[in-house]
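To keep things clear, I will list the structure first and then write my remarks on it.
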Amino acid sequence: MCCFLIGQYSAPLSKNISRFILRTVDIDTLTHTLEETACKIPWSPPLVNCILKRLWNHGPKALLFFNFLDFLSPRRYAHAASSFNHAIDIAARMRQYNAVWTLLSRMRSRNITPSPLTFAIILERFVSAGKPEKALRIFLSMHHRGCPQDLSSFNTFLDILCKSNRVEMASSLFRALGPRFRPDTVTYNIIANGWCLIKRTPVALRVMKDMVERGLTPTPVTYNILLKGYFRAGQLKEAWDFFLQMKRRGCELDVVTYTTVVHGFGVAGEVEKAQRVFDEMVGHGCLPSIATYNALIQVLCKKDNVENALVVFNDLLRKGYLPNSTTYNVLIRGLCHASEFDRAAEFMERMKGDDCEPNVQTFNVIIRYLCDAGEIERSLSVFAKMGNGVCCPPNLDTYNVLISALFVRKKPDDMLTAGKLLMEMMERGFVPRKFTYNRVLNGLLLTGNQALAKEILRAQSRPGHFPREIRL
DNA sequence: CTAGGGTTAG
């Protein structure tokens, strides 16, 4: 009963708590209030995870909150493994690697074994921060930290490398360690997909052949990977032939296959062909999913016109499909692209009715297009609608788009705004690109904003600062 | 977060 209630209320409760945390600027007030109210809140892992997700784009506060709960007596609350994973993910994204290791060892001292997921998170962050060799060392030694290496963690690591365009490294690792882990179909699919991601479809085909020679049977997933690869590489004819061959040979054509083809032809400008494949799939016993609709809508927005996309949107509603946030974001982008900002705003309102709240992407699209149209003020007011980060915290993209837009007109005031945004993003735990950082700093110095420049320099010297370095 | 399809421009 108790669990049921907590589960039921954890969404609104997490919203209130995370709003309070985001709103409170003063760290001592924050800590005191948390201390005073902690005993009245029914902490549970789902609730804590919910809050951590809402604080995702404010890393320092997320870690502060995590840390606060971690120091309550274990009788009152003890973090679950999943919460540790979230905290580790957040720390790693802020590139606070010391904090990552501290959290990992604290996890073990609380008798929680780091799971393969914990390591997947760590490996992913190191690879995407441009440190694949470091990631490799971590992978090779993870059994010393309580997590065994097996085929599935090997596959995960290969996949992480491939998704960050490190196929060559994945491939040589595959050759070197393959015998030890006994690769399966999944392993081969991951590597083939890796080559497809960098448009090397012939190599992907070779991997597929190797797989067959090794006695493994390709699955529908394998074929879909290759099919998508041809489209991505711009090999339309090969893609079409491959699709026909799949049909001829009686391969299972599933909804993913059709979505790939609709999207592939559409973005290549062959809208009619995309539409035809979309129309024929039902006759072949395959119902479109919302993703298929999203693909078609995006294609019409990009290569045809928004009004036709809206026809398809109304059609899916009539058929009883539930649009998701991607559906709305695609349409909103289409409307923005046609400079229909007011109608875009209408759709943003409409989202709320369909229980998909506008998300960061929604805001980012509108902010981006407004900036492109030179409407900086309007863009900033949409940014302010993110509730100063209380409703929908901005992410790295939001700041990047806005800051670079502030360099277009040569207004001194814009530099001041850019400086404030840079300061804010750093307070929220984002690591600005060197280029952005230097550009804003120079801009501030040239426009006589020495004070703010100094403040930024001070903040820079203590990374992850809010309002002082988070101690773990 | 052991593999495949929809969101961001160029």
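Quick note: the coordinates plus some simple rules give every number you see, no bench work behind them. Being a predicted model, the structure only gives us computed values, none of them experimental. We place every Cβ from the backbone using ideal geometry, glycine too, and count neighbours over all the protein chains shown.
Here are a few things to note about the model shown:
- Distance from the alpha carbon centroid of the range A:132-210 to that of the range A:428-455 works out to 40 angstrom.
- Across chain A, Cα pairs under 8 Å and at least six residues apart give a relative contact order of 10 percent.
- Computed [θ] at 222 nm, helices only, for chain A once each DSSP H run of length n ≥ 4 contributes -39500 (n - 2.57): -22500 deg cm²/dmol
- Cα pair distances exceeding 16 angstrom across the range A:125-193, given as percent: 41 percent
- Residues in the range A:285-324 that a label on A:S339 would reach, taking backbone N under 16 Å of a point 7 Å out along Cα→Cβ: A:306
- 10 Å Cβ shell holding at most 16 others, DSSP loop, GluC sites (Glu not before Pro): longest site-free stretch of chain A: A:1-251
- For the range A:212-253, trypsin sites (Lys or Arg not before Pro) are listed when DSSP marks them as loop and at most 15 other Cβ atoms sit within 10 Å of their Cβ; the list is A:R214, A:R249.
- Here the extension length gained between A:E35 and A:S381 equals 121.0 nm, from 0.36 nm per residue of separation less the Cα-Cα distance.
- Simple spin-label estimate for A:R95 and A:E357 in nanometres, 7 Å along Cα-Cβ: 3.0 nm
- Membrane-span-like helices in chain A, defined here as complete DSSP H runs extending at least 24 Å along the helix axis by their C-alpha atoms with mean Kyte-Doolittle hydropathy no lower than 0.5, are A:2-23; this is a sequence and geometry rule, not a statement about a membrane.
- Rounded FRET efficiency, nearest 0.05, which uses the C-beta distance separating A:S172 from A:F435 and R0 of 35 Å: 0.65
- In this rough spin-label picture, where each label sits 7 Å from Cα along the Cβ direction, the A:N165-A:N305 distance is 3.7 nm.
- Cα-derived Rg over Rh, computed across chain A with Rh taken as Kirkwood radius: 0.99
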